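Could you have a look at this structure, given as structure tokens, before my questions?
Read the figures in this text as sums done on the coordinates, not as results from a lab. Predicted model, so just to flag it, every value in this text is computed and none were measured. Positions of Cβ are generated from backbone atoms using ideal geometry, with glycine treated the same way; all protein chains shown enter the neighbour counts.
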Amino acid sequence: MKFVDEALIEIHAGKGGDGCLSFRREKYIEFGGPDGGDGGAGGSVWVEADNNLNTLIDYRYDRLFRARNGEPGKGRQCSGRSADDITLKVPVGTTIIDVDSDEVLADLTANGERVKLAQGGRGGLGNTHFKSSTNRAPRKITKGTPGEGRNLRLELKVLADVGLLGLPNAGKSTLIRSVSAAKPKVADYPFTTLVPNLGVVKVDRYRNFVMADIPGLIEGAAEGAGLGIRFLKHLARTRLLLHLVDVAPLDGHDPVDAVEAIADELDKFSAALAEQERWLVLNKVDLVPADERDGVCEDIVSRLGWDGPVFRISAATGEGCQELVYALMNAIEARREREREDGDYAEQQRQWRARLEEEAREKVQALKGQRRRQREGNDDDDDDDHDMEIIYEP
């Protein structure tokens with residue numbers, strides 16, 4: 001299947017039906033009077049979040065959606081039939097943005113949440129409404145009003161409590177396979193993960209959280225290198241970031257440089273995302289001799305000047321993963337509890353997330369515009385890594 005996390009669509013609500021100009025004409029009825037009915041209302045356009053969807057692929061090809069118009073009124077005071085509304089189903093976590101005004105119309109974060117995107121037109125009035133003691137044969141009606149139309153951009157951000165960061169082959173996919181039922185592709189070459197993967201981590205009965213594995217970053221990602229920053233926006237809804245680093249890289253690069261490179265890319269992408277709480281996870285410790293393990297890990301932490309939580313794990317063997325999972329669950333529950341009890345803290349978190357999403361949206365759109373200008377300047381350059389359509393074969 002194809003993972004599509006952005007789409008542009010056009011929607012139009014239905015026009016209201018016109019009112020009817022009619023008079024009652026029956027045998028033996030001398031003064032029948034006006035009997036024109038009202039027009040029916042045009043159909044509206046709604047959007048609804050659906051847990052059964054996980055991609056916007058349906059909107060990559062079908063981009064125009066029109067609701068039906070209301071039927072006009074008829075004689076004998078018969079109103080026209082109102083048109084049915086149409087509902088667009090999207091994955092949970094989809095943000096709806098008006099392209100023309102850049103206004104966020106909806107942010108769907110719960111299954112079944114519905115928002116009206118375009119209001120259908122109202123039906124016109126028949127001549128029955130305009131009769132009076134001085135105007136017994138009115139020839140006035142009103143037309144139905146047009147429905148609203150919008151150009152929309154749909155943006156999907158996965159909903160997760162914990163996000164995984166790191167260079168390609170840092171062991172992110174192996175970790176999510178180890179602690180959840182998710183089975184992302186794992187191989188011994190870079191960029192094995194091409195789309196975000198979600199896994200539900202069950203800690204105890206009724207205690208679980210969602211972990212997101214995004215494609216690996218490389219130096220220069222903020223300028224579009226590698227898979228670029230396209231998938232960093234999926235970390236906007238996380239509560240905590242795990243920064244995985246390979247303590248025994250096969251290519252011999254310094255783990256400290258790897259951590260600092262990713263931190264720089266986060267800062268270039270979004271200052272708000274760089275402020276997000278991060279835990280350092282030293283992975284693949286099983287590849288370091290037991291008598292050297294403490295020294296290697298302490299040296300990395302010391303040179304980084306890291307003052308946050310640090311964990312040593314081996315995602316491949318499961319060593320240290322249980323302790324990490326319980327610590328994550330406790331931290332997430334503590335943050336949820338604080339948001340429920342402290343209104344000021346909850347509002348602060350809401351504003352921070354809004355700022356992060358706005359910065360992420362601006363950065364992604366700016367990069368798209370830059371690459372579009374590059375293509376226009378060089379017609380022979382058909383390469384577009386940022387806007388590419390990725391095929392995921394589970």
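Restricting the count to DSSP beta bridges whose residues both fall in the chain, what percent are antiparallel, rounded to a multiple of 5?
On the way: 32 of 57 bridges.
Once the DSSP bridges in the chain are tallied, antiparallel ones form about 55 percent.
Separate question: Fewest to most neighbouring Cβ within 10 Å: what's the order for His253, His234?
Values: His253 12, His234 24.
The most exposed by this proxy come first: His253, His234.
Calculate the dipole size of the chain relative to its Cα centre from +1 charges on Lys and Arg beta carbons and -1 charges on Asp and Glu beta carbons; express the result in debye to the nearest 20. Please list the in-between numbers first.
On the way: 55 positive and 70 negative charges, 717 e Å.
Its charge dipole is roughly 3440 debye.
Classify the chain: rounded, prolate or oblate, from the alpha-carbon gyration tensor (a ≥ b ≥ c, eigenvalue square roots; a/c under 1.5 rounded; otherwise prolate if a/b is larger than b/c)? If you can, show how the numbers build up before the last one.
Working: a/c = 3.39, a/b = 2.61, b/c = 1.30.
Prolate, because a/c is 1.5 or more and a/b exceeds b/c.
Within 10 Å, count the other beta carbons around each residue, average over each peptide in 272-285, 122-135, 166-179, and list them highest first.
With the highest mean Cβ count within 10 Å placed first, the list reads 166-179, 272-285, 122-135.
Let me know the whole percent of all Cα-Cα pairs from the range 268-313 that are separated by more than 16 Å.
Details: 488 of 1035 pairs.
Everything past 16 Å amounts to 47 percent.
Further question: Among Asp38, Asp213, Asp291, what is the fewest-to-most ranking by other Cβ atoms within 10 Å?
Details: Asp38 28, Asp213 31, Asp291 7.
Placing the least packed residue first, the sequence is Asp291, Asp38, Asp213.
Anything over 32 Å Cα to Cα? Flag those among Lys89/Lys140; Lys89/Lys268; Lys202/Lys363; Lys202/Lys368; Lys172/Lys363; Lys116/Lys268, in the order listed. List each step's numbers first, then the result.
Values: Lys89/Lys140 41 Å; Lys89/Lys268 34 Å; Lys202/Lys363 34 Å; Lys202/Lys368 38 Å; Lys172/Lys363 25 Å; Lys116/Lys268 36 Å.
Table pairs above 32 Å Cα-Cα are Lys89/Lys140; Lys89/Lys268; Lys202/Lys363; Lys202/Lys368; Lys116/Lys268.
Let me ask something additional. For Glu341 and Arg81, calculate 0.36 nm times their separation in residues minus their Cα-Cα distance, and state this gained length in nm to one decimal. List each step's numbers first, then the result.
Working: separation 260, 0.36 × 260 = 93.60 nm, distance 5.00 nm.
So the extension gain works out to 88.6 nm.
Could you list the residues of the range 296-328 with an amide nitrogen less than 15 Å from a label point located 7 Å from the Cα of Ala334 in the Cα-to-C-beta direction?
The answer is 308-311, 324-328, whose backbone nitrogens lie closer than 15 Å to the label point.
Per q in 0.12, 0.16, 0.23 1/Å, what log10 I(q)/I(0) does a Debye calculation on the alpha-carbon atoms of the range 256-335 return?
-0.42, -0.73, -1.21
Sticking with this structure for a sec: Around Trp306, with a cut-off of 12 angstrom between Cβ atoms, what is the net charge of the other residues, counting Lys and Arg +1 and Asp and Glu -1? Mind dumping the intermediate values first?
Values: positive: Arg278, Arg303; negative: Glu260, Glu298, Asp299, Asp307.
Once positives and negatives cancel, what remains is -2.
For an R0 of 41 angstrom, estimate the FRET efficiency from the Cβ-Cβ distance between Ala181 and Arg153 and round to the nearest 0.05.
On the way: r = 33 Å, r/R0 = 0.80.
Using R0 = 41 Å, I get an efficiency of 0.80.
With r defined as the distance between the Cβ atoms of Lys140 and Ser101 and R0 fixed at 22 Å, what FRET efficiency is calculated, to the nearest 0.05? It would help to have the intermediate numbers written out before the result.
On the way: r = 36 Å, r/R0 = 1.64.
E between Lys140 and Ser101, to the nearest 0.05, is 0.05.
Follow-up question, since we're still on this one. Choose one answer from Gly305, Gly121, Gly112: the residue with the largest mean-square fluctuation in a GNM of the chain with alpha-carbon springs under 10 Å.
Highest fluctuation among the options: Gly305.
May I pose another question? At 7 Å along the Cα-to-beta-carbon direction for both Gln365 and Glu275, put a label point, then send me their distance in nm to one decimal.
Here the modelled spin labels are 2.2 nm apart.
Per DSSP helix of 4 or more residues, -39500 (n - 2.57); summed, then divided by the residues of the chain. What does that give at 222 nm, rounded to the nearest 500? Write out the running numbers ahead of the final one.
Working: 7 runs with 102 residues, N = 394.
The helix-only estimate for the chain comes to -8500 deg cm²/dmol at 222 nm.
Which of Phe269, Ala316, Leu244 sits closest to the plus end of the dipole of the range 227-329, meaning its Cα is farthest towards the positive end, when Lys and Arg get +1 and Asp and Glu get -1 on the C-beta?
Positive-end residue among those listed: Phe269.
Based on the Cβ-Cβ distance from Glu319 to Asp58, what FRET efficiency comes out when R0 is 51 Å, to the nearest 0.05?
Working: r = 43 Å, r/R0 = 0.84.
Computed FRET efficiency for Glu319 and Asp58 comes out at 0.75.
Would you work out if the range 2-156 is rounded, prolate or oblate? Take a ≥ b ≥ c from the square roots of the eigenvalues of the alpha-carbon gyration tensor; rounded if a/c is under 1.5, else prolate when a/b is larger than b/c, oblate otherwise. Please report the intermediate quantities before stating the final value.
On the way: a/c = 3.99, a/b = 3.33, b/c = 1.20.
Judged from the Cα gyration tensor, the range 2-156 comes out prolate (a/c at least 1.5, a/b above b/c).
Then there is this: Along Cα→Cβ, 7 Å out, is where each label goes; now give me the distance between the ones at Arg303 and Ala290 in nm to one decimal.
2.6
Summing +1 for each Lys or Arg and -1 for each Asp or Glu, what net charge is found among the other residues whose Cβ lies under 10 Å from the Cβ of Asn111? Could the numbers behind the result be given before it?
Working: positive: none; negative: Glu48, Asp50, Glu113.
That works out to -3.
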